[in-house]
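After the structure tokens below, expect a handful of questions from me.
The values are calculated or read from the model by the stated rules, or taken from the named source; none is laboratory data. Because the structure is a prediction, the values reported are computed rather than measured. Don't worry about glycine lacking a Cβ; one is built from the backbone with ideal geometry, like all the others, and counts go over all protein chains shown.
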């Protein structure tokens with residue numbers, strides 16, 4: 001059994017020498033102005049736009065029904081350096097918690113070949129296999145409404161919300177993607193009620209998890225099989 005992760009150590013901070021158009025996150029910096037319908041324009045102002053290597057992403061609520069028909073939802077603990085390094089900041093409201101790991105649903109970036117709804121469903125199924133160790137058919141993935149912007153003030157990315165029923169399917173050790181970011185991650189099955197309570201209490205603070213859960217609870221998928 002491997003050692004658990006206790007911290008993320010900064011080896012080098014090269015922020016002052018890195019280009020804004022390289023790395024996993026790329027920042028485009030513009031001077032822009034608003035063009036009005038009467039032909040006038042606003043004063044020029046600065047805008048920064050953050051892009052990831054791929055434009056959009058998919059979140060997958062993986063669920064199963066137990067012997068009594070109750071819904072259980074899979075979450076995963078994932079290393080989240082950006083959240084962890086909040087510890088070095090001074091938040092507006094006191095927060096003693098360190099966010100080395102964040103609990104969230106399965107998710108992943110849509111790759112260049114993932115075009116159209118078929119590509120979306122295929123990527124969702126691949127992420128379930130990679131992160132949860134469960135093989136599902138793309139056709140079994142259900143899209144839950146329209147995508148949402150993650151942070152439209154700075155980030156161009158949209159998140160597609162989906163769900164898939166894995167009741168009765170075997171679960172193997174997730175193969176992951178080989179990244180150190182996946183080291184120390186753990187999977188957990190929660191009842192729908194327990195996950196709602198964890199979100200309400202602040203134990204789970206991931207926005208996409210809260211959104212996809214609420215969409216699932218309000219969908220026919222959740223009602224199916226309930227007496």
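Return the residue satisfying two criteria in turn: it lies in the stretch 126-153 and is touching a strand residue (DSSP E or B) at 6+ places or on another chain (Cβ under 6 Å) and part of a helix (DSSP H, G or I), and of such residues it is nearest to residue 107 (Cα to Cα).
Taking the candidates together, the pick is 127.
Which of the residues belonging to the stretch 105-125 are more than 19 Å from residue 209 (Cβ to Cβ) and assigned to a loop (DSSP other than H, G, I, E, B)?
Answer for the stretch 105-125, where residues must be more than 19 Å from residue 209 (Cβ to Cβ) and assigned to a loop (DSSP other than H, G, I, E, B): 111, 112, 113, 114, 115.
Could you check how many residues of the stretch 169-184 are crowded, with 16+ Cβ neighbours inside 10 Å and in contact with a helix residue (DSSP H, G or I) (Cβ under 9 Å, 6 or more places away or on another chain)?
2
Right, another one. Just need a number here: residues in the stretch 184-227 that are at negative phi and either in contact (Cβ under 8 Å) with a residue 40 or more places away in the chain or touching a strand residue (DSSP E or B) at 6+ places or on another chain (Cβ under 7 Å) (or both). First the steps, then the outcome.
Filtering the stretch 184-227 for residues at negative phi gives 185-201, 203-224, 226-227.
If we keep only those that are either in contact (Cβ under 8 Å) with a residue 40 or more places away in the chain or touching a strand residue (DSSP E or B) at 6+ places or on another chain (Cβ under 7 Å) (or both) as well, we get 185-192, 195, 198, 203-209, 211-213, 215-216, 219, 221-222, 226-227.
Counting residues in the stretch 184-227 that are at negative phi and either in contact (Cβ under 8 Å) with a residue 40 or more places away in the chain or touching a strand residue (DSSP E or B) at 6+ places or on another chain (Cβ under 7 Å) (or both) gives 27.
Could you tell me which of the residues 135, 166, 204 is modelled with pLDDT of 95 or more, loosely packed, with under 15 Cβ neighbours inside 10 Å and touching a helix residue (DSSP H, G or I) at 6+ places or on another chain (Cβ under 9 Å)? Don't jump to the end; show me each part of the working.
Numbers: 166 fails: loosely packed, with under 15 Cβ neighbours inside 10 Å; 204 fails: loosely packed, with under 15 Cβ neighbours inside 10 Å.
Step by step, each of 135, 166, 204 is checked, and only 135 is modelled with pLDDT of 95 or more, loosely packed, with under 15 Cβ neighbours inside 10 Å and touching a helix residue (DSSP H, G or I) at 6+ places or on another chain (Cβ under 9 Å).
For residue 80, all conditions in the list (1) surrounded by fewer than 16 Cβ atoms within 10 Å (Cβ to Cβ); (2) touching a residue at least 12 places away in the same chain (Cβ under 8 Å) hold save one; what is the number of the exception?
(1)
Would you say residue 157 is buried (at least 17 other Cβ atoms within 10 Å of the Cβ), over 17 Å from residue 72 (Cβ atoms), out of contact with any helix residue (DSSP H, G or I) (no Cβ under 9 Å at 6 or more places or on another chain) and modelled with pLDDT of 90 or more?
Values: buried (at least 17 other Cβ atoms within 10 Å of the Cβ): yes; over 17 Å from residue 72 (Cβ atoms): yes; out of contact with any helix residue (DSSP H, G or I) (no Cβ under 9 Å at 6 or more places or on another chain): yes; modelled with pLDDT of 90 or more: yes.
Criteria met by residue 157.
Among the residues in the stretch 7-29, are any in contact (Cβ under 8 Å) with a residue 60 or more places away in the chain, surrounded by fewer than 10 Cβ atoms within 10 Å (Cβ to Cβ) and more than 30 Å from residue 168 (Cβ to Cβ)? Step through it out loud before you land on a result.
Looking only at the stretch 7-29, we keep the residues that are in contact (Cβ under 8 Å) with a residue 60 or more places away in the chain, and these are 7-8.
Still in the list and also surrounded by fewer than 10 Cβ atoms within 10 Å (Cβ to Cβ): 7.
Now drop any that are not more than 30 Å from residue 168 (Cβ to Cβ), which leaves 7.
Yes; the residues of the stretch 7-29 include at least one that is in contact (Cβ under 8 Å) with a residue 60 or more places away in the chain, surrounded by fewer than 10 Cβ atoms within 10 Å (Cβ to Cβ) and more than 30 Å from residue 168 (Cβ to Cβ).
A further question on this structure: Tally time: how many residues in the stretch 86-122 are without any contact (Cβ under 8 Å) to a residue 12 or more places away in the chain and either surrounded by fewer than 14 Cβ atoms within 10 Å (Cβ to Cβ) or under 15 Å from the mean Cα position of the chain (by Cα) (or both)?
13
With respect to residue 163, determine if the residue is closer than 15 Å to residue 74 by Cα, in contact with a strand residue (DSSP E or B) (Cβ under 6 Å, 6 or more places away or on another chain) and touching a residue at least 24 places away in the same chain (Cβ under 8 Å). Can you show your working first?
Details: closer than 15 Å to residue 74 by Cα: yes; in contact with a strand residue (DSSP E or B) (Cβ under 6 Å, 6 or more places away or on another chain): yes; touching a residue at least 24 places away in the same chain (Cβ under 8 Å): yes.
Answer is yes for this residue.
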